[in-house]
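Read through the structure below, which is laid out as structure tokens, and then see the notes.
The values are calculated or read from the model by the stated rules, or taken from the named source; none is laboratory data. The model shown is predicted, which means the values in this text are computed figures rather than measured ones. As a convention, Cβ positions derive from the backbone with ideal geometry for all residues, glycine included, and neighbour counts pool all protein chains shown.
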Amino acid sequence: MWKHCSEKILNLCGLFGWMGAEFSAFLCLSMPAESAALANQHKQGLRAYTIQGVLRLEDDEIDMGTAALILSREWGTQRTTHTYRRKIDDMAEAILRRLDEQHLPADYRAIGVINTYLFEDLRFTSVKTADNPEDLFLHVVLEKKQGYCLSLSVLYLAIAERIGLPVHGVVVPGHFFVRYDDGQRRYNIETTSKGASADDAHYLSEFNPPDRPQTLYMKNLTPKQTLGCFFNNLGNSYMAVGDTEKAFEALLRAVQINPLLSEANMNLGNIYLQKKMPHQAIAQYEKALTILGSDAKAMNNLGSAYMQLNNYETAESCYKTALKLDPSSTDFYRNLAGALQGQGKFEEAVSQLGAAVVLNPQDTAAFALLGQISRELKRFPDAEKHLLKALALEPSLMSAMISLGYTYLDQNHLDKAMETFEAALNYRDALPQAWFGIAQIYRRKGQANDEIRAYEQALSHDPSMVAALQNLGNAYTDKGRETEAIEAYRKAIRIDPKKADLHYNLGVVLAKLKRHDHAVEEYLQTIQLDANNAHAYNGLAVSHYYLGNAELARTYARQAEALGFEVSEVLLK
């Protein structure tokens with residue numbers, strides 16, 4: 001959404017001044033009169049019933065009020081489009097009557113009349129923040145007489161098109177306003193400041209739109225381009241209520257209509273990132289950067305997409321660029337630390353996290369990551385200190401609690417580890433990892449049945465937890481429950497078919513059951529994924545030996561021996 005429109009523009013009335021003496025005169029409420037002819041009455045857009053139908057129209061046939069109300073209907077309002085459109089028509093007719101009473105034409109001089117009517121007589125106001133998705137929709141603006149920059153601008157545009165004024169939407173990063181432009185006179189109109197005017201220089205300095213030839217910023221938008229901006233915010237609205245699929249659909253439309261709107265590209269990239277589609281996210285972030293030239297948030301998000309691909313080097317480069325553009329962001333330091341951690345550059349990661357907590361001593365996530373990295377470095381006292389700090393700041397931070405449990409487990413402090421994991425069981429999101437940790441404790445204690453039950457609990461909350469399936473298979477194997485072990489390994493392989501250890505473990509169990517032909521298949525899969533797996537070569541040698549393939553047994557045995565495995569002499573003969 002255009003998040004900072006309200007807080008940055010609300011106080012500009014006194015700064016901008018009104019547009020001229022002819023606009024500031026007191027205007028009395030007019031008496032009812034015959035309906036005036038509205039300039040939009042012949043537009044095809046008045047007969048549109050779906051947004052697809054609106055978008056098929058030529059720009060000059062689109063009725064902005066109708067289009068916005070169709071989107072209100074899709075959002076879920078129960079009242080009809082005609083009910084709200086009649087309200088807009090009534091407002092336009094009232095303004096036309098006032099123009100007639102004052103002998104003013106429907107040109108730039110109408111702006112003051114509109115402003116007085118909307119913001120003084122009807123008392124339309126701007127909301128303090130743009131956080132409520134409802135405030136985007138025209139029906140809510142009409143009912144509550146409030147909105148933020150985009151939604152109030154849509155109302156202004158709907159009224160202007162009925163009066164016949166050449167008024168357009170205008171977008172800058174994070175803000176939306178309207179502009180009167182008849183080719184001779186041009187006025188920017190701030191709907192969040194009671195219609196006050198600011199010159200272009202204000203927007204250039206306040207919102208810093210990119211100075212590049214092919215952008216939408218600071219230009220008169222067509223009706224479809226304005227709807228593209230609306231779709232961008234509609235996507236954010238659906239995200240705010242947790243409807244990712246509708247948000248995705250809206251943002252796809254926003255980018256299709258306005259491919260040069262960087263916010264739409266960024267937001268669509270964020271949806272792709274959430275949907276674990278990093279290649280598509282990268283494409284959108286790169287489009288945004290093509291428009292913006294350089295942007296700290298876009299570079300940071302691009303780094304996060306490369307992190308999903310485990311391309312830590314490129315992610316590191318992106319995060320470093322983001323930090324150069326904005327060295328005050330603790331998020332960027334923390335994200336850079338994650339990229340360094342992925343490359344095993346732990347000391348550098350610790351340094352970046354140190355910078356983050358200097359900037360923000362309350363950065364819970366930074367302390368949690370410091371704890372995780374300290375654990376990887378086997379600096380257990382430091383890990384415990386940082387994780388306890390994170391939990392002191394945010395007691396429900398489950399990533400820190402789970403890491404603390406494993407820190408105790410690493411030191412074989414089994415009672416402390418159990419206490420920590422059991423505390424995590426009170427939080428739904430932590431259940432799989434907490435039960436997995438408890439299973440590790442039971443394994444250390446040699447309580448195989450309890451270990452198996454704990455893995456089964458973990459999988460009941462997350463059936464796709466590959467590590468739990470693998471360890472469950474191992475535990476079943478230890479207990480002589482080979483059939484169940486095979487089932488566990490095969491479930492894990494269906495989820496992660498490229499994990500070499502799973503194929504190897506399955507091969508071991510199959511060989512144990514003397515199903516050597518199937519064991520060979522799994523060992524071959526293992527070495528395709530991990531060509532240096534000496535154990536798999538030895539397994540191939542053993543299974544081929546029992547299958548009577550002596551030459552193949554010798555070949556694989558020699559390969560296992562070359563990789564450092566101590567091979568039985570029987571296999572080499």
Checklist entry - How many residues are crowded, with 24+ Cβ neighbours inside 10 Å and either among the β-branched types (Val, Ile, Thr) or over 19 Å from Arg86 (Cα atoms) (or both) when one looks only at segment 127-140? => result 2
Checklist entry - Is it the case that segment 94-110 has a residue that's within 15 Å of Ala160 (Cβ to Cβ), aliphatic (A, V, I, L, M), in the same structural domain as Gly65 (by TED's automatic domain parsing) and under 40 Å from the mean Cα position of the chain (by Cα)? => result no
Checklist entry - When residues of segment 377-395 are filtered for being buried (at least 19 other Cβ atoms within 10 Å of the Cβ) and of a type in the set (Asp, Glu), how many remain? => result 1
Checklist entry - Can you name every residue in segment 396-424 that is surrounded by fewer than 16 Cβ atoms within 10 Å (Cβ to Cβ) and at pLDDT below 95? => result Ser396
Checklist outcome for this item: When (1) closer than 25 Å to Tyr427 by Cβ; (2) surrounded by fewer than 22 Cβ atoms within 10 Å (Cβ to Cβ) are applied to Ser374, the one that fails is (2)
Checklist entry - Of (1) aromatic (Phe, Trp, Tyr); (2) closer than 25 Å to Leu57 by Cβ; (3) in contact with a Phe, Trp or Tyr (Cβ under 8 Å, 6 or more places away or on another chain), Tyr187 satisfies all except one. Which? => result (2)
Checklist entry - Pick from segment 178-201 the residues that are free of Cβ contacts under 8 Å to residues at least 60 places away in the same chain and either small (Gly, Ala, Ser) or more than 23 Å from Lys43 (Cβ to Cβ) (or both): which of them is surrounded by the most Cβ atoms within 10 Å (Cβ to Cβ)? => result Asn188
Item to check | Long-range neighbours under 6 Å by Cβ, at least six apart or interchain, first residue among the hydroxyl-bearing types (Ser, Thr, Tyr) within segment 427-448, second surrounded by fewer than 19 Cβ atoms within 10 Å (Cβ to Cβ) | outcome: Tyr442/Asp450
Item to check | Members of segment 260-306 that are surrounded by fewer than 21 Cβ atoms within 10 Å (Cβ to Cβ), among the aliphatic types (A, V, I, L, M) and closer than 21 Å to Leu340 by Cβ | outcome: Ala296
